[in-house]
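**Q** One structure, pasted below without further comment.
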Amino acid sequence: METKPDIPPFWQKILNTLETPFLFIENLSQKYVLSPFRWLFKKIEPLSYKIEGTLFKKILQVAIYPLFMVLTLIVGFKLVENGFTFGSFLGTIGLFAVLGIIFAPLEHLIPFSRKWLSDDETSTDVMLFFGSKFWGDYINKPIKLVTITLIVQEISPEIGQGFWPTSIHPVLQVFLLLSVKDFFRYWYHRWMHESEFMWRWHAVHHSSTRMYWFNAARSHPLEGLVSSFLWGIPLAYVQAPVEVVFVTMLLGRTIGRFQHTNMDLILGPFDYIFSSPKNHRYHHSKNIEEGNSNYGGDVIFWDILFGTFYLPKGKIPSDDIGVHGMPNYPKTFTGLMLAPFTYGKIKKEAIALENKAKQESVSQMIEV
Ligand SMILES: [Zn+2]
Ligand SMILES: [Zn+2]
């Protein structure tokens, strides 16, 4: 167990000052950017009660997932028909926007948890998205590109050539690449949960107290740096055709949106193939036995194979989610950005809070 000394008051003051402008932007976006959406969602809410128990709801619950998966494949291959062009890039942005526009109201129409519909975390998530976007596009991606190219060039450019089965159906190639990519991601994700040093970075993703489509944006930008190398280098050797890589990444995005959605979907066999909203809800559980399971990011069969799959029949995942044993975990953008560095302090406070609660319950018992 590692504990870090408290932050000196001088640094604490600097941190507080740093946080002020971000808090201001967060409050502003809470008030003005999100309010038109709130108006729309309020209109949908009575409908969600009206369709309760109807065949229409059942059809939505069953059809939405396969429909969007197939649509992503069709649109994806269409976008790279003539190779990867500027049009493919624009289409990708369009697809993400469409997913958001459709997903958000659907979550209000068929919610898994009504508690998760409150949007008090959205502004932090929007900031995390843009924060990660800047980091991802201007720092992480160039470093990754240069390093991977250099490593592949230095070690051996021949490795992997002729290895990829280009003759099989392109859709099968997409699923094959998705599985290969997720094998590396599985082990990285598992490592982040099983090592406390790695957990201090990954806990940011688990800090959300509600699951909704935009959650995937919630992660610490430094977490992505190591992960890029871990999945990037093996993928560079695989040398799948560019169309297959593009559609695989696009499908991965759609899976990621579903993985965190608050839609109450009926997935049947898909819960045992993909990282689905149902099995990923257990991954976000505050209960450590449930949380240290279902590490798959795209597919779930690596968990089944390596014994970390958790999906008990007849049980419904709890909607009380968050960082295990840390009710004091930061909630603001700056707090989350600093959380990996202040982890020792957060942990100390959490232990003190737990001891205090224990003492209170003991003294209450004595009084009774
Ligand atoms: Zn995790
Ligand atoms: Zn997650």
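**Q** With +1 assigned to the C-beta of every Lys and Arg and -1 to the C-beta of every Asp and Glu, and no other charges, what is the dipole magnitude of the chain about the Cα centre in debye, to the nearest 20?
**A** 640
**Q** Moving on. Quick check on packing: order 272-279, 218-225 by the mean number of other C-beta atoms within 10 Å, highest mean leading.
**A** Highest mean packing first, the order is 272-279, 218-225.
**Q** Separate question: With the cut-off at 32 Å, tell me which of the pairs Lys78/Lys115; Lys42/Lys331; Lys181/Lys315; Lys115/Lys345 have Cα atoms farther apart than that.
**A** From the list (Lys78/Lys115; Lys42/Lys331; Lys181/Lys315; Lys115/Lys345), the Cα-Cα distance tops 32 Å for Lys78/Lys115.
**Q** Give the relative contact order (percent, whole number) for the stretch 211-368; include only Cα pairs under 8 Å separated by 6+ residues.
**A** Taking the mean separation of contacting Cα pairs over the length of the stretch 211-368, I get 17 percent.
**Q** Considering the options Val226, Phe129, Phe184, tell which one lies farthest towards the positive end of the dipole of the chain, charges being +1 on Lys and Arg and -1 on Asp and Glu at the Cβ, about the Cα centre.
**A** Phe129
**Q** Could you tell me the largest-minus-smallest coordinate of the C-alpha atoms of the stretch 34-324 on each of the three principal axes, in descending order and whole angstroms?
**A** 61, 45, 37 Å, listed from the longest principal axis down.
**Q** If amide H atoms are built 1.01 Å from N in the plane of the peptide, which residues on other chains or at least 5 residues away come under 5 Å of the amide H of Ser285?
**A** HN-HN under 5 Å from Ser285: Gly291.
**Q** Further question: Just to be sure I understand: with springs between alpha-carbon atoms less than 10 Å apart, which residue in Leu172, Leu99, Leu55 has the highest mean-square fluctuation in the Gaussian network model of the chain?
**A** Leu55
**Q** Taking springs between alpha-carbon atoms closer than 10 angstrom, which of Lys286, Lys57, Lys13 fluctuates most in the Gaussian network model of the chain?
**A** Lys13
**Q** Quick one: Karplus J couplings for the stretch 301-309, per residue in order, coefficients 6.51, -1.76, 1.60, θ = phi - 60°, nearest Hz, x for Gly and Pro?
**A** 6, 5, 5, 4, 5, 9, x, 10, 7
**Q** Using the Kyte-Doolittle scale, find the helices of the chain whose mean hydropathy is at least -1.0 and whose Cα atoms extend 20 Å or more along the helix's long axis, counting only whole DSSP H runs.
**A** Membrane-span-like by this criterion, though nothing is claimed about a membrane: 9-28, 35-50, 55-79, 86-109, 141-155, 170-194, 221-238, 242-259, 343-367.
**Q** May I pose another question? What percent do you get for the relative contact order of the chain when only Cα pairs under 8 Å and 6+ apart count? Working shown, then result.
**A** On the way: 405 pairs, mean separation 89.4, N = 368.
Reported as a whole number, the value is 24 percent.
**Q** Moving on to the next point. Can you compute 3J(HN,Hα) from phi for each residue in the stretch 318-330, using the Karplus curve 6.51 cos²θ - 1.76 cosθ + 1.60 with θ = phi - 60°, rounded to whole Hz and x for Gly and Pro?
**A** 6, 9, 8, 10, x, 6, 4, x, 9, x, 8, 4, x
**Q** Skipping prolines and chain starts, which residues have an amide H placed within reach, meaning under 5 Å, of the one on Phe274, given they are 5 or more residues away or on another chain?
**A** Residues meeting the criterion, in which the H sits 1.01 Å from N, are Ile300.
Values quoted throughout were computed directly from the atomic coordinates according to the rules given, and no laboratory measurement underlies them. In this text the structure is predicted, and so the values were computed from the model without any measurement. Every residue, glycine among them, receives a Cβ derived from its backbone with ideal geometry; neighbour counts consider all protein chains shown.
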